[in-house]
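No lab work stands behind these numbers, since they all come straight from the coordinates. Keep in mind it's a predicted model, so treat the numbers as computed, not measured. Note: ideal-geometry Cβ built from the backbone for every residue, glycine included; neighbour counts use all protein chains shown.
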Amino acid sequence: MFRISNTVVGALNILTLLLGVAAVASSAYIHIRGGSDCQKVLQVPLLVGGVFVVLVSALGIVGALCRVNVALYAYLFVTLALIVGLAFFTVFTLFVTNRKVGQQVSGKGYGEYRVADFSHWLQRYVVNNKNWDEVKSCLMDAHVCQNLALNGGRNNDSLIFKHLSTTQSGCCKPPVYCGFIMKNATFWEVPKKGPAVNSSDCTTWNNGEDKLCYECNSCKGGVLANIRNQWRRLTVFNACVLVLVTAIYSLGCYAIKNNRTDSRWNHRKTPCP
């Protein structure tokens, strides 16, 4: 008799197998059709991740539905390693995103961020000189500074930002403390007496659409704030996935037990004389 745990494990792995195939197909599409630099960054992770998911799912399907315990043991070993990895990554994300950052700009409704407010790991591996060129390319490809929604007149005091993401706040305008005069969404005028504060971000700002404040520390801080927010959501998602994978692992253990029982039963059966 076919067991429920075998059926559930097999069905779940068929779904993950389809997801793995979709990831490989997406990687192949980017390779064939090309894309932006930001999309090309995803090509290798999609391929490697997709192939990994396909192979592991195949082990689960063969082990659960075809009752091959060797494949099921291998599947459970990988699943256990995945549980440990997810648990470690969840704790790690909590560790690197636990600092409170950002200062609310009074009356403006958006925050400004400093790189120094974030964990050293994020500073070292996200906004270093090598990675920042890729991040900046992605920001330009996404046109983050071309869709600023504005209400009000041309006067800076009456101009109200409808909404600014942390990235737009840091990359699409000079910091408020510079004291620049806003002319439109991305064009700011330096006062005749110069910036209000002697800061590298104030001198780095450029009204060119491909310049703006992409090289500013405030832009890097805004990107880090966005990553922090996304990682906090990812932590919740990881916790849910961890519960699901643990449940699948438990079902896999029951499936192995079922396979053994059925194997002994079939071995004991003798043909009728």
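Some points to look at:
- Take each peptide in 166-178, 52-64, 14-26, count the other Cβ atoms within 10 Å of every residue, and average; sorted highest first, the result is 166-178, 52-64, 14-26.
- For the peptides 191-199, 249-257, residues were scored by their other Cβ atoms within 10 Å and the scores averaged per peptide; the highest-first order is 249-257, 191-199.
- The HN-Hα couplings worked out from phi for the stretch 52-62 by the Karplus form 6.51 cos²θ - 1.76 cosθ + 1.60 (θ = phi - 60°) are 4, 5, 4, 5, 5, 5, 4, 4, x, 5, 4 Hz, whole numbers, x standing for Gly and Pro.
- Residues whose amide H comes within less than 5 Å of that of residue 144, counting only those at least five positions distant or on another chain, are absent (H built at 1.01 Å from N in the peptide plane).
- In this rough spin-label picture, where each label sits 7 Å from Cα along the Cβ direction, the residue 249-residue 230 distance is 2.8 nm.
- Proximity of backbone amide H atoms, modeled 1.01 Å from N, is registered between residue 182 and 156, 189 at under 5 Å, excluding neighbours fewer than 5 places apart on the same chain.
- Cα-based shape type of the stretch 41-85, given that a ≥ b ≥ c are square roots of the gyration tensor eigenvalues and the cut on a/c is 1.5: oblate
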